[in-house]
1. More than 30 Å from the chain's Cα centre (by Cα) and either of a type in the set (D, E) or within 30 Å of B:L336 (Cβ to Cβ) (or both): does that describe B:A121?
2. So the check is Cβ under 6 Å with 6+ separation or different chains; which pairs have a first residue in region B:341-366 that's more than 14 Å from chain A (Cβ to nearest Cβ) and part of a loop (DSSP other than H, G, I, E, B) and a second one that's surrounded by 24 or more Cβ atoms within 10 Å (Cβ to Cβ) and of a type in the set (F, W, Y)?
3. Please tell me if B:S426 is buried (at least 23 other Cβ atoms within 10 Å of the Cβ), within 24 Å of B:G548 (Cβ to Cβ) and without any contact (Cβ under 8 Å) to a residue 60 or more places away in the chain.
4. Scan region A:58-73 and tell me whether some residue there is under 17 Å from the mean Cα position of the chain (by Cα) and at negative phi.
5. Kindly indicate which of B:V366, B:V362 is among the aliphatic types (A, V, I, L, M), surrounded by fewer than 24 Cβ atoms within 10 Å (Cβ to Cβ) and touching a Cys at 6+ places or on another chain (Cβ under 9 Å).
6. Just a yes or no: is a residue in region A:57-67 closer than 30 Å to B:E429 by Cβ, part of a loop (DSSP other than H, G, I, E, B) and of a type in the set (D, E)?
7. Consider B:I577 carefully, then state whether it is touching a residue at least 60 places away in the same chain (Cβ under 8 Å), over 23 Å from B:Q424 (Cα atoms) and either in contact with a helix residue (DSSP H, G or I) (Cβ under 7 Å, 6 or more places away or on another chain) or not assigned by TED's automatic domain parsing to the domain that holds B:A458 (or both).
Amino acid sequence: MWSSIIDISSKATKQWRSILLIYIAQLIIGIIVAMSAYQQFDSAIGSSLELDRLAKGFDRSIFSDMVNEFPIIIGKIKGRFLLGVAFFLLLSVFLHSGLLGNIRNRQYSITSFFTNAKKYFVKFLGVVFISLIKLVVTLAIIWVPFFKLLGNPLETFHSEKTLILTIVGLIILSVLLIIVVWLWSVISRYQIADGSGWVISMKNGWRILKSNFLKYYMLGIILILLHAFLTWVYTLAVDDWGAETWFCILGLVLIQQLFSIVRVWIRAVGYAAVDDK
Amino acid sequence: MVEQRVQKVLWIFMTIVGLGTSLCAQCDTDYNQSQSPKIANYDIEVHLDHEAKSASCVQKLRWKNTSPDTLKELRFYMYMNAFKDLNSTYLKNTRNMFGQDLNTRTAKEWGRIEVTEAIDANGNDLAQNQNYIQPNDGNVLDETVLSIPLEIPLLPGEEIRLDMKFEVKLPRTIVRSGYGPRDFFLFVHWFPQVCVYEKDKDMNWGWNSHQFMPGTEFFADFGDYDVTINASDHLVIGGSGCRVSNSSVPSKTGRQIVNFKAHDLIDFGWVAYPEYETYTSTFGDTDIEILMVPEHCQFADRYLKAVEQGLEYLEKHVGPYPYPKITVVDPPTHTLNSGFMEYPMMITCATAYGIPRSVRSVESLVIHEFTHMYFMGTLASNEKEEAWLDEGFVTYFEDRILDHYHGEQGSLFDVLGARSGNAQQSRNEYVSMSNPNLGTIARPGWEFDGGFKSLIYAKTATALKTMERIIGRDIMDDIVQTYFEAHKFTHPKEADLRKIVTEVLAKHGSDFDAENYLDQVLHTTGSVDFKMVDIDNSVGTIKAVREGDFEIETEVLVNFADGSSKTIKWGSTDKEIEYTFKSTDIVSAHIDPEQKIYLDLDLNNNSLTLDPNKKPIFKYAAKIGHWFQAVSQWTSFMM
């Protein structure tokens, strides 16, 4: 058990160049989003002494007054944020084609990363598209009947406890099924990397997933839990940090970026674990 | 063996503790019985038919004419008739309330109340000549105010006794009173209640007998209540007042009889639901009873703690709680529209399964409703005509209590680094109005067309906080304590409050112009936004403006590069100031640096600095950047 975890981790860590590249791409878009937010905040309250109060920690009145006075700020920041996410989603197919290709072909260089990304991008894009359809269908099967049956929730359910527990249950069910779709997608992409066509890859992907279901599925759950744990640790440890001095702010940014790199590394671990070559 | 002994000792100990608790929780009906003028006194016997959602009632009324007039009629609130159909003034312009389509209601789902008999001391049945009147809008289809002419006029100082019978049918709950699934019943504004005969603003005596108007609540005289409820024994019953007996009917009919008594109340409400679990405690001299639906039982300690904090704070800063008990009702979610309300000695709250402790909506609501026991229950100002005297003060104290016990920055919620104080929330509710100049505060509830809560609750509370910051909390407490002590059980009006404010300020030698301030807050639509416009070091000048018509004086703190500072007074009538200093090294200028004027619509633009602290902007931008990285990583999992 431990030895396979160490093996998988080391296989992923060997791809540190690819991981760093994905992280830097993400960071660049993140900086663009952050700079936009900085400009908005600065234009609204950049010359106010209230900043001294804000430096000591979150102050709701400062943010509320800013949003009341400049309602467009939130729209602009949200717009940049969503645009950034959309752009990164598209870019991800390219970046992860490179990472998957490198892992599958036991290559470690930046050159091979871009070669693989270029080679597999279109084919992987197809798998991603089909996987997204599968994802949407899966979610629709779970949630559409729920919303149809829901009606007026206060009248349908005797207690909101039932409603809340039902929603929580359906969210958990959704996550459990999404893991299956994700695993199927990754394994299929490995099949494509091995030279199979689309349909064969999807078929083989499902067959391989079925025959190693428990192993792969546990892996998916562990990765999800790891992400949840990281987020919990981050919010607990860092998000409420006052960080009044430049030194503390620098520390905060470094910790944030450490968390970001670890998240990309976890993705690489996931790919490495599914790679059964 | 040892285990059995330990268990036995524990059992005895728990029995003693439990007995002690239940004895302590015995509500004492002998509390000070001469607090109020006891004008309207009711003995009511209720026979609840839970299947039919109705009750047959016998009411013995004793009503005292404390006016100098001879009265030829009695007027009664018949507010259950607001839910008789869609023709009532309360519902005539409403087709949907809290997500309910009122058009699709069946006949069984509507409510009504009807007086079938009203016998006076001479045996005359006055109900024969009863007629509904519509003093507010002349809507003849509205039956929420009943006039019963008297055979023998009632002389000043005389008391009338009426033996009445009435039938009340509850509606499926639209708001407040009504029934819900699984035999939930809330009986409030449920009996023929005498309207108030009082002096109006011009000091003329007359009936204050408003129909049940949209946007309004209740107003009634103080008196004693003795209410006996005969109901199915599967129901758990709670109510205003003290439960003095609770027994099964001897004939084993499956019914129970519960008797409540209370003194000096303006109303009586009760609730019945088979699934309630009861939690009791005692804090000082006050018994606390909490009726919780089972799925909310994890909130019982939060409800209890909130009531205790409310009691502790209000007894210290307002006055002694005048009643021996408070009952807190947690409505089931299927009838949530019966919650969020206050009745004397009984409040209905609301919560939802899973609300974390760091979100104090539960505490905020319980404390708000409990604070009503002082302003709605004991002072009992007219909630229809001057709702701000109740809701405004209640919200102001809700803010103070929450902020006192949980901190000003995070008393309402504190989740993942985002937080808000309760007073911050109140202020934001006012300053974020699309039009803060929408209307005045001091006007009857039915004259509002939007903005009721933002103005009556939030703006009043924010204005009171502003006043407190200007005159100081000790003086503010003195005003509230003096007002409460002088006017409890008397229905004070705005003029009574203002007289107290003037007297207490004079006593403390304060030069705060409260008359002008309260005039602007209550009777004008003006708002205030101070704005520092410019610092010009080429000539050493600062320039600032006051936007809005609200006139209030303040000061400006100007800081210089050498570390010195200067404070400039800004008169209340000046719309803008421009001040030139000898020094041309101004670093910053700050209007109202102590943020006394909490009513200011934007506190961020009160200051300008040439040496801004950009660190927090950088920090929050970095946080947004990091959350972008996290979100893009999670959402790209399928890519």
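The values are calculated or read from the model by the stated rules, or taken from the named source; none is laboratory data. Predicted model only: the values in this text are computed from it and were never measured. Because the Cβ atoms are built from the backbone with ideal geometry, glycine has one as well, and the counts that use them run over all protein chains shown.
1. Values: more than 30 Å from the chain's Cα centre (by Cα): yes; either of a type in the set (D, E) or within 30 Å of B:L336 (Cβ to Cβ) (or both): no.
No; evaluated as a whole, the condition is false for this residue.
2. Note: pairs meeting the criteria are B:M345/B:Y323.
3. Details: buried (at least 23 other Cβ atoms within 10 Å of the Cβ): yes; within 24 Å of B:G548 (Cβ to Cβ): yes; without any contact (Cβ under 8 Å) to a residue 60 or more places away in the chain: yes.
The answer is yes for B:S426.
4. Taking region A:58-73 and keeping what is under 17 Å from the mean Cα position of the chain (by Cα), we get none.
The answer is no; no qualifying residue exists.
5. Details: B:V366 fails: surrounded by fewer than 24 Cβ atoms within 10 Å (Cβ to Cβ).
Going through B:V366, B:V362 in turn, just one is among the aliphatic types (A, V, I, L, M), surrounded by fewer than 24 Cβ atoms within 10 Å (Cβ to Cβ) and touching a Cys at 6+ places or on another chain (Cβ under 9 Å): B:V362.
6. Residues of region A:57-67 that are closer than 30 Å to B:E429 by Cβ, as a first pass: A:57-67.
When the remaining residues are screened for being part of a loop (DSSP other than H, G, I, E, B), the result is A:57-59.
Subsequent filtering for residues that are of a type in the set (D, E) retains A:59.
Yes, region A:57-67 contains at least one residue that is closer than 30 Å to B:E429 by Cβ, part of a loop (DSSP other than H, G, I, E, B) and of a type in the set (D, E).
7. Working: touching a residue at least 60 places away in the same chain (Cβ under 8 Å): no; over 23 Å from B:Q424 (Cα atoms): yes; either in contact with a helix residue (DSSP H, G or I) (Cβ under 7 Å, 6 or more places away or on another chain) or not assigned by TED's automatic domain parsing to the domain that holds B:A458 (or both): yes.
Here the answer is no, as B:I577 does not meet what is asked.
Residues checked against (1) of a type outside the set (D, E); (2) assigned to a strand (DSSP E or B):
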position	(1), (2)
B:A231	yes, yes
B:H234	yes, no
B:V244	yes, yes
B:D267	no, no
B:V271	yes, yes
B:E275	no, no
B:T280	yes, yes
